[in-house]
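Report on the structure given below.
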Protein chains: 2
Amino acid sequence: MREVAIIGAGSTKFGELWGQSFRALGLEAGMKAMASADLSGEEIDAVYIGNMSSRFIAQQHIDALVADYTGMAGRHIASTSIEAGGASGGVAFRQGVMAVASGMHDVVIVGGAEKMTDLDDDSVNEVLNGTTDADWEAGMGLSLTSLYAMIARRMIHDGIATREEIAACAYNSHFHGQFNKDAQFRKEIKLDTVLKAGPTAEPLTMFDGAPISDGASAVILCPLEDAKKYTDAYVKVAATAQASDSLALFQRKSITEFEATAVAAQQAYEMAGITAQDIKVAEVHDDYTVGGVMALQDLGLYKKGEAGKAFLDGSTKFDAGKIAINTSGGLKAKGYPIGAAGVSQIVELYAQLTNSANDRQVKDAKYGLAQSVGGTGSAVTVSILEAM
Amino acid sequence: MREVAIIGAGSTKFGELWGQSFRALGLEAGMKAMASADLSGEEIDAVYIGNMSSRFIAQQHIDALVADYTGMAGRHIASTSIEAGGASGGVAFRQGVMAVASGMHDVVIVGGAEKMTDLDDDSVNEVLNGTTDADWEAGMGLSLTSLYAMIARRMIHDGIATREEIAACAYNSHFHGQFNKDAQFRKEIKLDTVLKAGPTAEPLTMFDGAPISDGASAVILCPLEDAKKYTDAYVKVAATAQASDSLALFQRKSITEFEATAVAAQQAYEMAGITAQDIKVAEVHDDYTVGGVMALQDLGLYKKGEAGKAFLDGSTKFDAGKIAINTSGGLKAKGYPIGAAGVSQIVELYAQLTNSANDRQVKDAKYGLAQSVGGTGSAVTVSILEAM
């Protein structure tokens with residue numbers, strides 16, 4: 001397998017971007033990534049896109065749309081679109097890595113984009129709930145939020161995390177969001193902001209869930225041996241793994257862990273030849289706070305029962321000298337344009353591992369990990385990047 | 001790049017399958033493919049799915065759905081879903097090949113499935129028209145059918161094909177459909193059946209377009225060096241290429257050729273180390289008759305102006321001793337469950353190249369080619385299989 005490097009990365013601002021179309025967002029992220037790699041569009045020979053739902057913009061065939069509006073179609077570049085719910089960006093990244101690793105393509109751009117605010121909230125929620133089991137969950141009136149609320153209740157009941165510890169995941173993301181100029185929310189919050197916000201599905205409140213967002217992110221891949229030709233600021237893709245689980249939550253042995261995360265993490269650590277102890281910075285999928293808490297445990301970064309405490313005592317902050325979590329602001333504060341999420345995690349790790357994360361730079365990180373989740377853990381990708 | 005083999009293939013019947021769900025269809029095709037490879041589900045370590053629109057079944061996250069309902073989720077197998085309009089199956093196949101070629105996975109199942117008949121025709125057409133440019137085509141009232149009708153008019157005007165020659169593409173597909181027990185339509189038709197059917201968008205009639213169908217297809221991939229462990233009936237994936245073009249038809253230099261087909265074909269021939277003259281059997285994307293005519297020309301199998309004549313004079317029949325085209329019945333007669341289409345082409349070529357195509361067996365074919373098209377040629381895959 002040919003080794004793969006990331007040689008550039010870029011994101012748009014995330015937020016309610018009324019003035020920018022899906023097309024404009026994708027283009028902006030792509031241009032930033034190419035500029036960061038000191039690369040022209042002419043040098044790219046394949047495009048991968050994570051995008052959750054074309055319903056948001058009444059357009060199928062996102063692969064062709066992106067090729068077209070980035071000018072790649074003029075050279076008939078292969079363009080491929082991936083949908084895997086919240087993991088769309090993570091899966092797209094992994095496919096891009098395979099394209100280079102296989103030798104099929106040399107310079108690949110992986111983008112993720114979503115334009116969600118053009119639909120009303122009910123329609124957005126209908127699409128989001130489509131990541132649950134249409135027959136056995138959504139069809140019965142369950143929403144993604146209510147499923148995560150059940151997980152939270154069970155975590156609290158079993159003593160795995162307290163309500164305050166779960167809320168602290170949102171605090172951690174908002175704390176970091178203030179340092180990220182592209183984040184949707186850039187204000188530090190108090191724990192009470194989460195606890196006393198309006199309820200969505202109890203015990204969760206408005207501040208336990210990531211926002212509805214527009215935005216796009218992109219990274220550029222090439223064979224590791226060619227990376228130096230383009231830039232000195234490159235990182236190695238040490239591993240990228242993917243695992244699945246039942247679509248419906250009730251079919252799991254336990255709802256307080258995502259086995260797909262554990263399996264993908266195990267494969268990724270093996271592939272990278274490291275253990276969880278080597279990870280110094282991680283971007284985890286905190287679309288719901290409780291998901292962030294589970295992630296740290298399922299990834300083996302903390303023991304079961306310890307992750308919530310880490311959020312609460314500040315161990316997860318970029319400058320705490322432990323494992324820095326969601327230094328980008330996470331999905332909660334950075335924003336959650338679904339297809340972009342998994343790619344935006346890679347953008348953050350690229351910044352951290354090339355020492356360009358400015359005010360939120362983690363010190364001496366050799367390995368960074370990104371975890372991207374679809375539905376209630378029915379698809380998970382775990383990728384590990386290595387500083388060079 | 002590790003060489004890749006196909007060691008098994010299977011399809012459901014295509015048609016209006018009111019009694020079978022999306023899940024049941026996918027499972028049936030997968031089981032048939034595994035049985036054909038003499039393989040158990042335990043041996044599969046990744047799944048790829050071509051699926052055009054989850055709207056047909058009110059379910060996002062098709063990757064997880066398929067992993068779940070095939071039992072793969074129990075072992076947390078990576079599952080990835082691809083949407084590329086009509087090329088969804090073709091692109092999924094190519095991604096599956098890359099997964100094996102890269103060394104990331106060993107035994108991969110590539111499936112394609114669509115359940116279209118649960119929606120009313122207007123809704124189906126709305127989704128199909130979503131493969132055109134939402135802003136500049138569908139948004140202006142253009143449908144996919146009317147775009148292909150414009151192509152047909154131009155072909156006739158420019159003397160590239162007569163109306164009868166275009167219609168002969170449908171005749172050829174129906175001729176072959178009678179030999180395929182899984183085909184939606186199994187009756188030979190007359191040229192007049194096409195010419196005198198009700199108009200859809202002039203000059204095209206009902207018989208110029210592929211039907212709305214349910215169905216699923218699947219193939220099993222593994223490293224070429226391991227193929228013999230499973231079966232003697234295996235074929236080599238000699239090449240798989242993919243190209244893009246503008247989403248909107250009006251942006252092309254010419255609307256009587258799909259450059260994406262020409263580019264992908266050129267890359268595929270180079271990768272396989274052959275020329276168009278080596279192809280003896282081909283499955284081309286005849287979602288509209290005029291698309292089938294263009295395909296033969298753009299693939300270099302016939303010169304511009306000659307393809308329609310080949311359909312009309314019977315050169316394209318399986319036993320004509322020339323290049324056998326759409327021996328499965330093509331999308332026109334076999335049926336067109338969109339995501340399954342590109343994979344079903346590979347299923348047919350696998351049968352032809354392993355001498356198991358029964359009543360429609362092409363003699364002495366060493367190389368077979370499959371072309372899968374999204375929208376009006378905005379995404380095209382060309383794959384070449386080699387008999388072993």
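Just so it is clear, none of the values below were taken in a lab; they were calculated from the coordinates. Source: prediction; values computed, not measured. Quick reminder, even Gly has a Cβ in these numbers, built from the backbone with ideal geometry, and neighbours come from all protein chains shown.
Calculate one ³J(HN,Hα) per residue across the range B:77-87 by plugging θ = phi - 60° into the Karplus curve 6.51 cos²θ - 1.76 cosθ + 1.60, and present them in order as whole Hz with x for glycine and proline.
Taking θ as phi minus 60°, the curve returns 5, 5, 9, 9, 10, 10, 10, 8, x, x, 8 Hz for the range B:77-87.
Which whole number gives the average, over all residues in A:122-134, of C-beta atoms from other chains lying within 10 Å of the residue C-beta?
Counting Cβ atoms of other protein chains within 10 Å of each residue's Cβ and averaging gives 3.
Under 37 °C and 0.692 mPa s, how fast does the range B:234-306 diffuse according to Stokes-Einstein, given a Kirkwood radius computed over C-alpha pairs? Answer in µm²/s, whole number.
It diffuses with D of about 250 µm²/s by this estimate.
Can you give the relative contact order of chain B as a percent, counting alpha carbon pairs under 8 Å and 6+ residues apart?
Once normalised by length, the contact order is 27 percent.
Rounded, prolate or oblate: which fits the range A:161-248 when a ≥ b ≥ c are the square roots of the eigenvalues of the alpha-carbon gyration tensor, with rounded for a/c under 1.5 and prolate only if a/b beats b/c?
In terms of gyration-tensor shape, prolate.
What is the log10 of I(q)/I(0) for the range A:99-138, computed with the Debye formula using one identical point scatterer on each Cα and no solvent, at q = 0.15 Å⁻¹?
-0.61
Can you show me the helix-derived [θ] at 222 nm for chain B, built from DSSP H runs with n ≥ 4 at -39,500 (n - 2.57) apiece and divided by the number of residues, rounded to the nearest 500.
Taking each H run of at least 4 residues, the total per residue is -10000 deg cm²/dmol.
Expressed in whole Å with the largest first, what are the equivalent ellipsoid semi-axes of the range A:223-266 derived from the C-alpha gyration tensor as the square root of 5 times each eigenvalue?
That gives 37, 9, 8 Å for the three semi-axes.
Arrange A:162, A:117 by Cβ neighbour counts within 10 Å, fewest through most, would you? Walk me through the numbers before you get to the answer.
On the way: A:162 14, A:117 18.
With the sparsest Cβ surroundings first, the list reads A:162, A:117.
Non-local amide H neighbours of residue B:285 (under 5 Å, H modeled in plane, Pro and chain starts lacking H): which ones?
B:371
Using alpha carbons only, how many angstrom separate the centre of the range A:364-388 from the centre of the range B:299-361?
After rounding, the separation between the Cα centres reads 44 Å.
Along the Cα→Cβ direction, 7 angstrom out, place labels at residue B:157 and residue A:277. What is the inter-label distance in nm?
Taking the two extended label points, one gets 7.4 nm.
Which semi-axes, in whole Å and largest first, does the equivalent ellipsoid of the range B:1-66 have when worked out from the alpha carbon gyration tensor as the square roots of 5 times its eigenvalues?
24, 16, 11
Quick query: amide H of residue A:8 versus all other amide H atoms, modeled in the peptide plane; which residues come in under 5 Å with a sequence gap of 5 or more or a different chain?
Sorted by chain and number, the residues that satisfy this are A:220.
Using the C-alpha gyration tensor of the range A:163-318, what are the square roots of 5 times its eigenvalues, in whole angstrom, with the largest one first?
So the three semi-axes of the range A:163-318 are 29, 22, 15 Å.
Kirkwood hydrodynamic radius of the range A:79-157 from all distinct Cα pairs, in Å? Provide the component values of the computation, followed by the final result.
Working: mean 1/r = 0.0661 Å⁻¹.
Every distinct Cα pair counted, the radius reaches 15.1 Å.
Per residue of B:366-379, how many C-beta atoms from partner chains lie within 10 Å of its own C-beta, taken as a mean?
Mean shielding count: 2.
Can you tell me the convex hull volume per residue for the range A:274-332, based on C-alpha atoms, in Å³ to the nearest whole number?
Considering the Cα atoms of the range A:274-332, their hull volume per residue is 73 Å³.
For residue A:240, enumerate residues with amide H under 5 Å from its amide H, sequence gap 5+ or separate chain, H modeled in the peptide plane.
A:384
For the range B:1-145, what does the alpha-carbon gyration tensor say about shape, rounded, prolate or oblate, given a ≥ b ≥ c as the root eigenvalues, a/c under 1.5 as rounded, and a/b over b/c as prolate?
On the way: a/c = 2.28, a/b = 1.61, b/c = 1.42.
Prolate shape, in that a/c is at least 1.5 and a/b is the bigger ratio.
Can you bin every Cα-Cα distance in the range A:71-118 into 5 Å intervals starting at zero and give me the percent of pairs per bin, rounded to whole numbers?
The distribution over the range A:71-118 is 5, 18, 26, 22, 17, 8, 2, 1, given as percents.
Provide the gained length on full extension for the span residue B:313 to residue B:359, in nm with one decimal, where the gain is 0.36 nm per separating residue minus the Cα-Cα distance. Mind showing how you got there, number by number?
Details: separation 46, 0.36 × 46 = 16.56 nm, distance 2.08 nm.
Here the answer is 14.5 nm.
Rounded, prolate or oblate: which one fits the range A:345-388, using the alpha carbon gyration tensor with axes a ≥ b ≥ c (rounded when a/c is under 1.5, else prolate when a/b beats b/c, else oblate)? Walk me through the intermediate numbers first.
Values: a/c = 3.42, a/b = 2.22, b/c = 1.54.
In terms of gyration-tensor shape, prolate.
Just to confirm my numbers, what's the Cα centroid distance between the range B:234-252 and the range B:21-91 in Å?
So the two Cα centres are separated by 22 Å.
Report for the protein assembly as shown the percent antiparallel among DSSP-assigned beta bridges with both residues inside it, nearest 5. Mind dumping the intermediate values first?
Details: 76 of 110 bridges.
Bridges in the protein assembly as shown are about 70 percent antiparallel.
In nanometres, what is the gap between the two model label sites at residue B:187 and residue A:192, each 7 Å from Cα along Cα-to-Cβ?
7.8 nm
Provide a whole-number value for the mean count of partner chain Cβ atoms within 10 Å of the Cβ atoms in peptide A:263-269. Spell out each step's value before the answer.
Working: counts 4, 2, 0, 1, 2, 0, 0.
Mean inter-chain Cβ contacts per residue within 10 Å come to 1.
Residue B:21 versus residue A:229, label points 7 Å from Cα toward the beta carbon: distance in nm?
Each label point is offset 7 Å from its Cα along the Cβ direction, giving 5.1 nm.
How would you order A:19-31, A:352-364, B:104-116 from highest to lowest mean count of nearby Cβ atoms within 10 Å?
Averaged packing, sorted descending, gives the order B:104-116, A:19-31, A:352-364.
So, in Å, what gap is there between the alpha-carbon centers of the range A:92-130 and the range A:171-199?
25 Å
Which one of A:217, A:378, A:123 has the biggest mean-square fluctuation once chain A is modelled by GNM with Cα springs under 10 Å?
Maximum fluctuation in the GNM of chain A, among the listed residues, is at A:123.
Tabulate in residue order the Karplus-calculated ³J(HN,Hα) for the range B:186-193, using 6.51 cos²θ - 1.76 cosθ + 1.60 with θ = phi - 60°, rounded to whole Hz; enter x for Gly and Pro.
10, 10, 5, 10, 9, 4, 5, 4
Would you compute the Debye intensity of the protein assembly as shown from its alpha-carbon atoms alone, equal scatterers and no solvent, and pass along log10 I(q)/I(0) at q = 0.05, 0.07, 0.10 Å⁻¹ to two decimals?
For the protein assembly as shown, the Cα-only Debye profile gives -0.23, -0.45, -0.90.
For chain A, what is the convex hull volume of the alpha-carbon atoms per residue, in Å³?
Per residue, the Cα convex hull of chain A comes to 118 Å³.
Whole percent per 10 Å bin, from 0 to the bin with the longest distance: what is P(r) over all C-alpha pairs of the range B:192-233?
Reading the bins upward from 0: 21, 23, 15, 16, 21, 3.
Would you mind ranking A:69, B:336 so that the residue whose beta carbon has the fewest other beta carbons within 10 Å leads the list?
A:69, B:336
Could you list the chymotrypsin sites (Phe, Trp or Tyr not before Pro) in the range B:222-274 that lie in coil according to DSSP, counting only those with at most 13 other Cβ atoms within 10 Å of their Cβ?
Passing both the DSSP loop test and the Cβ count: no residue.
Within the P(r) computed for the range A:94-217, what percentage of the Cα pairs occupies the region above 18 Å?
67 percent
Rg and Dmax of the range A:261-374, Cα atoms, in Å?
Considering the range A:261-374 through its Cα atoms, Rg and Dmax are 12.8, 34 Å.
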